[in-house]
Amino acid sequence: MLTPEDSLRLNVLLKQDLHALRIDEGKMTIHALTGRGEARIPLNPNCPDDAYLRRVREMISSSVLGVPHGYPAYLKRWTRMGHARTESLAGLLKLGEAEALAAVVHASGLTDELASRAWWLLQSPEHARAMLKREAVVQGKMGPQLAEFLVEFLAYEERPANMVESVRLVLQPGLIPDGVREELWKKGQRRTAYRVGFLKTSPDALPESGTPHPRLTALIPILQAAIEEDNPFARQLLRVLNAPGQAYLGTVRLALSKCTDQGVVVHLFEAIEAYFASVRPNRAGHRRIEPLLADAERLDECPDTPEQCRGFRTLWEAMPVEDRPLLESLLVFGLVGEPLLAPIFGNTDAVGSGLRNALEPVTDGLFPHLDRLAP
């Protein structure tokens, strides 16, 4: 049993307009956020602290959920995938349990107000990233606040893959000032992970402007005519040859040349796959570069994607002979994806220069096509 004093105070608290609750186990204190502001209840245990805290949580859970056993920790993986029920989110914030809070910040039904309460409970980069994946939060008052926190925390982030994700998320429209965006881009010269974040969020609006491909002017009439026929290869080739596309490919070249972390490389290949998705054949998913390059030379031999084959062949025949290799290189990148990395990363945990050496079979095959598309 709780002491009479603690039982009374806790009962009074739970009957108020309670928004969120956390338990400081070290100081044996309950902190609460209510409609009237913040409240604090110091606990007076009459038994070992662990046992007393268990009783406190049972009382809270019985009041909030109607059962004494609290939030079921075995649901951790399920709730972190965003499957917590929307109607239960507000109640989970009142339990004072870490997994219940995690369920809220990862929930697909998270609102800006619930994000504010969750942020009061615990400020962490993991929670900030999770909440910035929800449109309601990005468009709400909490979006800029969470983005500012992540930008400041980048200096202390140890995992490069988390850097990619943080930059990707804060670059969503309206979250950070232009000056901060420019500063992140400059820092990306030394931290490749930052640049990969830009590739994932704003591939067509990078801070660095490129120079149009030398053959663009001559090819524009052909590409425009094909685009009017809804040819995806023409649309993507025009995108690539224009100044923003050249800046994009230049950033890809930099990232491939300086990559030092497997997680960042995975993000990079996901970015490439997304950028070239419109010309990605059904048979994509190669795990080795040699068959990928061979398939790029014979798109007209793919009965599983007849419309795409016709679009490729139509544009191929319309283009000058000397420019047809551009179309082949476009298709090469349309076939690139994360599966190419699986056989390599399955056999090595190398980082730094060792990682770049391990990736050479892939990068040596891609660089000639990259240099062709962005000379």
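The values are calculated or read from the model by the stated rules, or taken from the named source; none is laboratory data. From a predicted model like this one, the values you see are computed outputs, not experimental measurements. Don't worry about glycine lacking a Cβ; one is built from the backbone with ideal geometry, like all the others, and counts go over all protein chains shown.
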Out of region 220-257, which residues are crowded, with 19+ Cβ neighbours inside 10 Å and either β-branched (Val, Ile, Thr) or on the phi > 0 side of the Ramachandran plot (or both)? 240, 251, 252
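Is it fair to say residue 365 is touching a residue at least 12 places away in the same chain (Cβ under 8 Å), surrounded by 15 or more Cβ atoms within 10 Å (Cβ to Cβ) and either closer than 19 Å to residue 212 by Cα or touching a Leu at 6+ places or on another chain (Cβ under 8 Å) (or both)? Quick ask: steps written out before the conclusion?
On the way: touching a residue at least 12 places away in the same chain (Cβ under 8 Å): yes; surrounded by 15 or more Cβ atoms within 10 Å (Cβ to Cβ): yes; either closer than 19 Å to residue 212 by Cα or touching a Leu at 6+ places or on another chain (Cβ under 8 Å) (or both): yes.
Criteria met by residue 365.
I'd like the full set of residues that are in contact (Cβ under 8 Å) with a residue 24 or more places away in the chain and either part of a helix (DSSP H, G or I) or polar (S, T, N, Q) (or both), limited to region 52-69.
Here is the first cut: in region 52-69, the residues in contact (Cβ under 8 Å) with a residue 24 or more places away in the chain are 52-53, 55-57, 59-61, 63-65.
Listed by number, the residues that qualify are 52, 53, 55, 56, 57, 59, 60, 61, 63, 64.
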For a quick check of your reading of the model, give me the residue pairs whose first member lies in region 258-274 and is surrounded by fewer than 22 Cβ atoms within 10 Å (Cβ to Cβ), whose second is of a type in the set (Asp, Glu), with beta-carbon atoms closer than 9 Å and at least 6 apart or on different chains. 262/349; 266/338; 269/338; 270/338; 273/338
Would you mind telling me which numbered condition in (1) touching a residue at least 40 places away in the same chain (Cβ under 8 Å); (2) under 24 Å from the mean Cα position of the chain (by Cα) residue 344 fails? (1)
Identify, please: which residue in region 191-207 is surrounded by fewer than 20 Cβ atoms within 10 Å (Cβ to Cβ) and of a type in the set (Ser, Thr, Tyr) and is, among those, nearest to the chain's Cα centre (by Cα)? 201
Restricting attention to region 311-341, report how many residues are assigned to a helix (DSSP H, G or I), within 13 Å of residue 223 (Cα to Cα) and not basic (Lys, Arg). 10
Does residue 98 meet the test of being over 22 Å from residue 174 (Cα atoms) and outside the structural domain of residue 19 (by TED's automatic domain parsing)? yes
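Step by step: first the residues of region 275-292, then only those that are among the hydrophobic types (A, V, I, L, M, F, W, C) and under 24 Å from residue 310 (Cβ atoms), then the one that is surrounded by the fewest Cβ atoms within 10 Å (Cβ to Cβ). Which residue is that? Quick ask: steps written out before the conclusion?
Within region 275-292, the first condition is being among the hydrophobic types (A, V, I, L, M, F, W, C), and the residues that meet it are 276-277, 279, 284, 289, 292.
Adding the requirement that they be under 24 Å from residue 310 (Cβ atoms) leaves 276-277, 279, 284, 292.
Working: 276: 21, 277: 13, 279: 25, 284: 19, 292: 24.
Only one residue tops the list, namely 277.
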Would you mind finding the one in 188, 143, 210 that is without any contact (Cβ under 8 Å) to a residue 24 or more places away in the chain, out of contact with any strand residue (DSSP E or B) (no Cβ under 6 Å at 6 or more places or on another chain) and surrounded by 16 or more Cβ atoms within 10 Å (Cβ to Cβ)? 188
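Restrict the check to region 214-225 and report whether at least one residue is among the small types (Gly, Ala, Ser) and over 22 Å from the mean Cα position of the chain (by Cα).
Of the residues in region 214-225, the ones among the small types (Gly, Ala, Ser) are 218, 225.
Still in the list and also over 22 Å from the mean Cα position of the chain (by Cα): 218, 225.
Checked against the condition, which is being among the small types (Gly, Ala, Ser) and over 22 Å from the mean Cα position of the chain (by Cα), region 214-225 yields at least one hit.
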If the requirement is being free of Cβ contacts under 8 Å to residues at least 12 places away in the same chain and closer than 30 Å to residue 226 by Cβ, which of these qualifies: 280, 298, 313, 372? 298
